[in-house]
Structures are given as structure tokens and as C-alpha cells.
Amino acid sequence: MTTPTVIWPKGAPHIISGEPQGDPTLTPYLVESAVPTAAIIVCPGGAYGMLADHEGEPIAHWFNSIGISAFVLKYRLAPYKHPVPMLDAQRAIRYVRHHAKDWNIDTERVGVLGFSAGGHLVSTVGTHYDRGRMGDLDPIERESSRPDLLILCYPVISFGEFRHHHSMVNLLGEFSSEEQRRDLSNELQVTADTPPVFLWHTADDEAVSVENSLLFAQALNRHYVPCELHMFESGPHGMGLAENDASVGMWTLLCKEWLKKRGWRVVEGKAP
């Protein structure tokens, strides 16, 4: 059984006294390999209020099946507010890079995947990052927090017209400012340096509008950032691996092929 590892061993910043969530952790699912493997950090969804189990460990096992090590991130949720989840996700990226030799990870192939609100978190770290805090006393903080690629599954992206209101309130509170909402409407934060992105969504998603993915893809295209978008005709929100839907379930195969195009070493895995 894999054991979660605390990513802030000396204590996470912005701790709320008496809040029972515990420290943010990474649970590693490692692939045995003679050469360093790529790694994906998985961020389950849950509207910044909970973490969906089916968007965590099963996803990690699927990545293992194609030769990629995976890490499931337990990031902090409401009542924690921005920037706490972002700091946890940035820390997870730094932590994997810092321990790359211990885990046999290729430091230049560390990606992040997120579902729903976890997709918002992933698009946030993909547009808000640094190359390492060189003067920091903590050597982990000196690692880059820029992911090498993003995989977004029916993501929350925008806090504008097509926002998922519950996610926004959990992250920013009831009375967020326009400036806060714009800063975390990640379609507005794309630059030419944003990492390559794989996106998928269903057209009739009633919880998180597909417009979120479309807005992000348009912004990426405007800045010439490599992006692959798959919009499936139909399917409910929160499908995870979509094992029971022959059409939507193709996203894993499409994602695997995209990773190969990006130069990631993958093996032929079993269908999820």
C-alpha cells in the first residue's frame, strides 16, 4: 500500500488553528524502470470543498499502466482560501523535482492533471508559477514550480460569465473582488510561456460549462501554446476515467497519444 508523504515537513504555511484537514500530502504510485520515468501529479476535483476519490487513485493506476509514475495530491480545501490550494500544488511540483532521484523521476517531465475544480487548480499553477525561489532557506522551494504540461478534464477555468459559482465561493469567499476573480480566471492569464495543454470536456456538462475549456483553448491558441482539445457530444460531469462510456472513455487513449507526441516515454497499457 502506498503511503502519503507530507510535502511541508516543517509545517505548511497559512495553517488555520483547529482546522482538522491535516497537512497536504502526496501519495506516490511509482513505476519500476531502468531509466527515469515521467511523472504526473493528480489533483482530484470537488469544488474546492472535497476531493473525489474516483479522480485520484484510479487515475494514478492508469498512468502506471502506461509507464508513468503518478502522485495524488491532497490539497487544502475550504475554509482555506486562495492562495493556499495553489501553494500546495506548486509545492507538490517542487517536491517531486527535489526528490526525483529517490523516485527515479525525469525532472524535465513533471506534469499535472486536474478534474473539475482540480482542473482550475492545475490551470492556476500552469499560469502562475516561478522558476524557483533561489534565496530560500528551504531547498525544495528553490525548485521550479512550472509544470512541463497540463492535462485538464472538464475543468473549471473562468470566474467570469461561465464560472462554477460554488468553486469560486469556496476558493475566494462570498465577497471576492473583481481583481481576484480576473486573476484566477485563467483564460486571461495565458502567455506564450504557458505549458502545453491537453483538454477534454462534454458539450452538455450541466455542472461546469464546456465554455470553460473553449475559452482556455482559444487563449492558448492566441499565444501559440500547443493545445489539444476534445469535446465529446454527451456525458455528465465528474466521469473520471469514463469506463462505462465507450465514446468519452477514449480520452485516455487520446491523452496517451498526445503524451507520446510531446516526447514522453509511454508503454502500451491496458484499457482502464
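Any residue in segment 17-38 that is free of Cβ contacts under 8 Å to residues at least 12 places away in the same chain sitting within a Cβ distance under 7 Å of a residue that is in a loop (DSSP other than H, G, I, E, B) and among the hydroxyl-bearing types (Ser, Thr, Tyr)? List the pairs, counting only those 6 or more apart or interchain.
Close Cβ pairs (under 7 Å, with a partner that is in a loop (DSSP other than H, G, I, E, B) and among the hydroxyl-bearing types (Ser, Thr, Tyr)) do not exist here.
Among the residues of segment 189-218, what is the count of those that are farther than 21 Å from residue 231 by Cα and of a type in the set (A, V, I, L, M)?
Here is the first cut: in segment 189-218, the residues farther than 21 Å from residue 231 by Cα are 189, 191-194.
Pick out the ones that are also of a type in the set (A, V, I, L, M) and you get 192.
The qualifying residues number 1.
Hey, can you tell me all the residues within segment 3-17 that are on the phi > 0 side of the Ramachandran plot and either open to solvent by 80 Å² or more (accessible area, probe 1.4 Å) or among the polar types (S, T, N, Q) (or both)? Don't jump to the end; show me each part of the working.
Filtering segment 3-17 down to residues on the phi > 0 side of the Ramachandran plot leaves 11, 14.
The answer is 14, and nothing else.
Applying the selection to segment 195-214, what residues are surrounded by fewer than 23 Cβ atoms within 10 Å (Cβ to Cβ) and under 15 Å from residue 122 (Cβ atoms)?
Answer for segment 195-214, where residues must be surrounded by fewer than 23 Cβ atoms within 10 Å (Cβ to Cβ) and under 15 Å from residue 122 (Cβ atoms): 195, 196.
Report, by residue number, each residue of segment 129-170 that is of a type in the set (A, V, I, L, M), in a loop (DSSP other than H, G, I, E, B) and at pLDDT 95 or above.
Initially, segment 129-170 is screened for residues of a type in the set (A, V, I, L, M), giving 134, 137, 140, 149-152, 156-157, 168-169.
Imposing the further condition that a residue be in a loop (DSSP other than H, G, I, E, B) reduces the set to 134, 137, 149, 156-157.
Once the filter is applied, which keeps residues that are of a type in the set (A, V, I, L, M), in a loop (DSSP other than H, G, I, E, B) and at pLDDT 95 or above, segment 129-170 yields 149, 156, 157.
Which residue, of 203, 192, is in contact with a His (Cβ under 6 Å, 6 or more places away or on another chain), small (Gly, Ala, Ser) and farther than 22 Å from residue 83 by Cα?
After ruling out the rest, the residue left standing is 192.
Of everything in segment 28-70, what is of a type in the set (D, E, K, R) and buried (at least 18 other Cβ atoms within 10 Å of the Cβ)? Give them in sequence order. So that I can check it myself, show each step before the final result.
Just the residues of segment 28-70 that are of a type in the set (D, E, K, R), to begin with: 32, 53, 55, 57.
Once the filter is applied, which keeps residues that are of a type in the set (D, E, K, R) and buried (at least 18 other Cβ atoms within 10 Å of the Cβ), segment 28-70 yields only 55.
The values are calculated or read from the model by the stated rules, or taken from the named source; none is laboratory data. Everything numeric here is computed off the predicted structure, so don't read it as measured data. No Cβ is skipped: glycine too gets one built from the backbone with ideal geometry, and neighbour counts run over all protein chains shown. All accessible areas refer to the heavy atoms of the entire protein, side chains included, with ligands and DNA or RNA removed. Shrake-Rupley method; radii C 1.70, N 1.55, O 1.52, S 1.80 Å.
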